[in-house]
Amino acid sequence: MKKYPALTVNHGLLKENMEQVISWCTEAGIDIAGVIKVTNGLASVADDYVKSGAKWIGSSRIEHLIRVKEAGIVIPKMMIRIPMISELDKLVEVCEYSLQSELSTLKELNKKAQAAGKVHNVILMADLGDLREGFIDTEEFISTAEYIEKELSFVHLAGIGTNLGCFGSVIPTKEKMNQLIEYAEAVEQAIGRKLEIISGGATSSLLPIFDGEMPDRINMLRIGSAVFTGALEDIRTSYGRKEMDALHDDSFTLEAEVIEVKVKPTYPIGELGVDAFGQTREYIDRGNRKRAILAIGRADYGDIGDILPQLEGVEVIGASGDHTILDVEDCKENIRPGDIVRFKLKYSAILYLTGSENVKIYEI
Ligand SMILES: *Cc1c(COP(=O)(O)O)cnc(C)c1O
C-alpha cells in the first residue's frame, strides 16, 4: 500500500533534463557540477548527473556529499557552501574541491590537508555584486590567491568563481562574466600561471549561453534548479526564456491524500484574530463552497504558492502545519476522502519535501 504524502522522483525525466542542460553547456565549452542540495542529497540523483555527463557533484552540505561518497560515486565532490572551520576534517576526507572566501579558513584547510596527506582543490569566490559569498575587494581577492599559491602547499588554487542571482537577484550578463575573466587574468598575472577553472555561476548563468554571449574562458557552471523544476521556474521565474520549455517540469511530483470534503462558508464565523502562524489574514466572502482537506501541511512543503495542483478546478487556499485546504467547488471530479491529489513543485517545495521525514520518497 502506497504511503502518503508521497514524493515521486522520476529519474528518467531527470536524466533527460540533465542531458539537455549539459548539451547546452558542452556546446559553450562548459563542464557542469551537478548540484544536489535541493534533494536533501539524494545519491541516486547524483548518479543521474554522473550518467548524464556531469564532471563534479556539488552540494551545500557536507552530509549530502558524505552520502554521495558512501554510495560509491567516484567523480570529484565539491562543497559549494563556504565550509565551516569546524568541518574541515570532513571536507578534506570527502571532497576534492570546495568554494572558498576566507583566508583564515584556507590556512586551517592547508593544515588539515597536510595531516591527511592530500592536496585539496579550491575555487576562490569573487562577489560581483550579488552580495552573498565571495571577496568584494579586488586587491584582497588577488592577494589571497597569491597567498594560496605561494604559502599553502596542500591547497591547490584550481580556479575562481562567482555566484549571482541568489541574494541580490543580480543577472549574470555577459559584462559580469567578462568581469570574472578579468579577475582571473589578474590572478594569473600575480601567480604566473593559468587557472584551470573559471566557474561562472548557477542555473541563472544559462542566460548568456542562450544568448550565445558566454565568453570562452568560462568553463564551469554549477547547475541545480534547472534540472529539477524545468520551465516551471524559468531561470529564477522572471526571464521568460522559451529555451527552458525543453525541460520537464515534473521530475519531482507530490501526491497527498484527502481526509475531509465538505461544503463550508468561505468567510470564517466569529471574531477574527490570527491564523496558525500568527498572521492576520484577509478572507473574501464567496458564499458556500466545496472544500477538501489534505493530510499534508506547511511543515512538509513550506509555502502554499510552491505546490501546484494538477487537477483542473482545484485551488490551494490555505494551510497550517499539517493541513492543506483546497477549494474544489469548480472541480469536475467528485473528490472524496481517500482520493489523491497530485502537484507539480517549485524549487523550495522540493527542498522542504525531500527533507521532511513524514514524506515518503518513491523513485521510478
Ligand atoms: C545552490 C548553488 C548553486 C546551484 O544553483 P541553482 O540555481 O540551483 O542552479 C550553485 N552554486 C552555489 C554556490 C550554490 O549555492
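All of the numbers you see were taken from the coordinates with simple rules; none came from a lab. What you see is a predicted model; the values in this text were computed from it and never measured. Every residue, glycine as well, gets a Cβ built from its backbone with ideal geometry; the counts of neighbours run over all protein chains shown.
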Over 28 Å (Cα to Cα) among Lys15/Lys77; Lys51/Lys150; Lys2/Lys264 -> Lys51/Lys150; Lys2/Lys264
Kirkwood radius from Cα pairs of the chain plugged into Stokes-Einstein at 4 °C, 1.567 mPa s, gives D in µm²/s equal to 58 µm²/s
Packing-ranked peptide list from 323-330, 279-286, highest mean Cβ count within 10 angstrom first, is 323-330, 279-286
Note, Leu254: beta-carbon cut-off 12 Å, +1 each Lys/Arg, -1 each Asp/Glu, net -1
Most exposed first, judged by fewest Cβ atoms within 10 angstrom, Phe210, Phe167, Phe135 run Phe167, Phe210, Phe135
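When DSSP assigns beta bridges and you keep just the ones with both residues in the chain, what percent turn out antiparallel, to the nearest 5?
Details: 27 of 59 bridges.
The antiparallel fraction comes to roughly 45 percent.
By count of other Cβ within 10 Å, fewest leading, how are Glu140, Glu146 ordered? Don't skip to the end; give the middle numbers.
Numbers: Glu140 12, Glu146 15.
Placing the least packed residue first, the sequence is Glu140, Glu146.
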Rg (one decimal) and Dmax (whole number) from the Cα set of the range 257-364, in Å, equal 14.3, 48
Taking Cα atoms, the helix 43-52 axis meets the longest principal axis of the chain at an angle in degrees (rounded to 10) of 60 degrees
Taking every other residue with Cβ under 15 Å from the Cβ of Trp56 and scoring Lys and Arg +1, Asp and Glu -1, one gets +2
Expected vector for the range 160-169, Karplus 3J(HN,Hα) from phi with 6.51, -1.76, 1.60 and θ = phi - 60°, integer Hz, x for Gly and Pro, equals 10, x, 8, 9, 10, x, 10, 8, x, 6
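Quick one: of the DSSP bridges fully inside the range 145-302, what percent are antiparallel, nearest 5? Intermediate results must be reported in sequence, preceding the final value.
Values: 7 of 11 bridges.
The antiparallel fraction comes to roughly 65 percent.
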